[in-house]
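> My structure is below; once you've seen it, I'll send some questions.
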Amino acid sequence: MILGILGSASADSVSRRVLEVAAQRIRAAGAAYELLDLSVEFPGRHRIEDYDDPPPHSQTAAIRARIAGASGVVLATPVYHGSYSGLLKNALDHLTGEALADRPVGLIAAGGGPRGAGTACDQMRSVVRAMGGWAVPTHVASARSDFTPGRPLEELYIRMDRLVDELLSFRSARRVPAPLVSH
């Protein structure tokens with residue numbers, strides 16, 4: 001299952017619309033997909049005291065479990081002041097350092113233009129690497145201009161198909177290390 005994580009609190013955000021295109025393309029490729037909408041499922045600030053030993057029903061435990069059950073992740077964010085959203089940052093901060101280990105991660109950012117959105121994707125790429133994940137080479141830097149009234153432009157589909165192909169290919173090629181055996 002691929003888990004799409006939405007870091008936007010806006011019901012009509014471009015990042016939400018682009019992530020919906022990703023979900024459509026992932027399902028069309030035959031893979032299962034679930035949405036984790038941080039603004040709905042994790043609206044409160046995560047408690048720092050939950051980090052080391054999160055209570056079973058805490059937001060920290062819940063988000064960790066959702067990611068642990070995923071074979072791949074897509075992070076989607078609006079661009080704020082040249083970076084990804086605080087909503088997404090707060091959620092990522094409550095994952096362990098190996099939360100994305102050996103998982104492919106697709107990156108989507110929506111901003112005023114591709115330059116700012118590309119910068120946010122580059123920043124997320126560093127975070128994914130720090131958490132042991134594999135950020136796929138293609139990211140989707142998007143803007144409102146990627147949509148005509150009612151539908152995405154063909155160019156967005158082309159870029160998204162490349163991201164999804166890489167995500168699913170990396171997922172298939174992923175090797176889970178054998179457990180260490182002590183002698």
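The values are calculated or read from the model by the stated rules, or taken from the named source; none is laboratory data. None of these values were measured; they are calculated from a predicted model. A quick note on method: Cβ atoms are made from the backbone with ideal geometry, for glycine too, and the neighbour counts reach across all protein chains shown. The accessibility values were calculated without ligands, DNA or RNA, using every heavy atom of the protein model including side chains. Shrake-Rupley method; radii C 1.70, N 1.55, O 1.52, S 1.80 Å.
> Which members of the range 68-91 meet the condition of being touching a helix residue (DSSP H, G or I) at 6+ places or on another chain (Cβ under 6 Å) and either farther than 19 Å from residue 164 by Cα or among the hydrophobic types (A, V, I, L, M, F, W, C) (or both)?
From the range 68-91, those touching a helix residue (DSSP H, G or I) at 6+ places or on another chain (Cβ under 6 Å) are 71-72, 74-79, 82-84, 87, 91; that's our starting set.
Within the range 68-91, 74, 75, 76, 78, 79, 82, 83, 84, 87, 91 qualify.
> Find all pairs meeting these conditions: Cβ atoms under 6 angstrom apart; at least six residues apart or on different chains; first residue within the range 53-77 and in contact (Cβ under 8 Å) with a residue 12 or more places away in the chain; second residue basic (Lys, Arg) and surrounded by fewer than 23 Cβ atoms within 10 Å (Cβ to Cβ).
Pairs found: 71/171; 72/171.
> Conditions first: (1) assigned to a helix (DSSP H, G or I); (2) closer than 19 Å to residue 30 by Cα; (3) β-branched (Val, Ile, Thr). Residue 105 passes all but one, so which condition is the exception?
Every condition holds for residue 105 apart from (1).
> Pull up the range 17-37, narrow it to residues that are out of contact with any strand residue (DSSP E or B) (no Cβ under 6 Å at 6 or more places or on another chain) and part of a helix (DSSP H, G or I), then point me to the one that is nearest to residue 84 (Cα to Cα).
Within the range 17-37, the subset out of contact with any strand residue (DSSP E or B) (no Cβ under 6 Å at 6 or more places or on another chain) is 17, 20, 24-25, 28-30, 32.
Next, only the ones that are part of a helix (DSSP H, G or I) stay: 17, 20, 24-25, 28.
Values: 17: 16, 20: 18, 24: 23, 25: 23, 28: 28 Å.
Looking at the filtered set, the residue picked out is 17.
> Just wondering, is there one or more residues in the range 87-95 that are under 27 Å from residue 52 (Cα atoms), touching a Lys or Arg at 6+ places or on another chain (Cβ under 7 Å), surrounded by fewer than 20 Cβ atoms within 10 Å (Cβ to Cβ) and free of Cβ contacts under 8 Å to residues at least 40 places away in the same chain?
The initial filter retains those residues of the range 87-95 that are under 27 Å from residue 52 (Cα atoms), namely 87-95.
Going one step further and asking which of them are touching a Lys or Arg at 6+ places or on another chain (Cβ under 7 Å), we end up with 90, 95.
This time we only want the ones that are surrounded by fewer than 20 Cβ atoms within 10 Å (Cβ to Cβ), so: 90, 95.
When the remaining residues are screened for being free of Cβ contacts under 8 Å to residues at least 40 places away in the same chain, the result is 95.
Yes, the range 87-95 has at least one match.
> Okay, next question. Residue 54 fails exactly one of the following numbered conditions: (1) open to solvent by less than 70 Å² (accessible area, probe 1.4 Å); (2) not in a loop (DSSP other than H, G, I, E, B). What is the number of that condition?
Failing condition for residue 54: (2).
> Which residue pairs have Cβ atoms under 7 Å apart, sit 6 or more places apart or on different chains, and have a first residue in the range 107-129 that is open to solvent by 20 Å² or more (accessible area, probe 1.4 Å) and a second that is part of a helix (DSSP H, G or I) and modelled with pLDDT under 90?
Pairs found: none.
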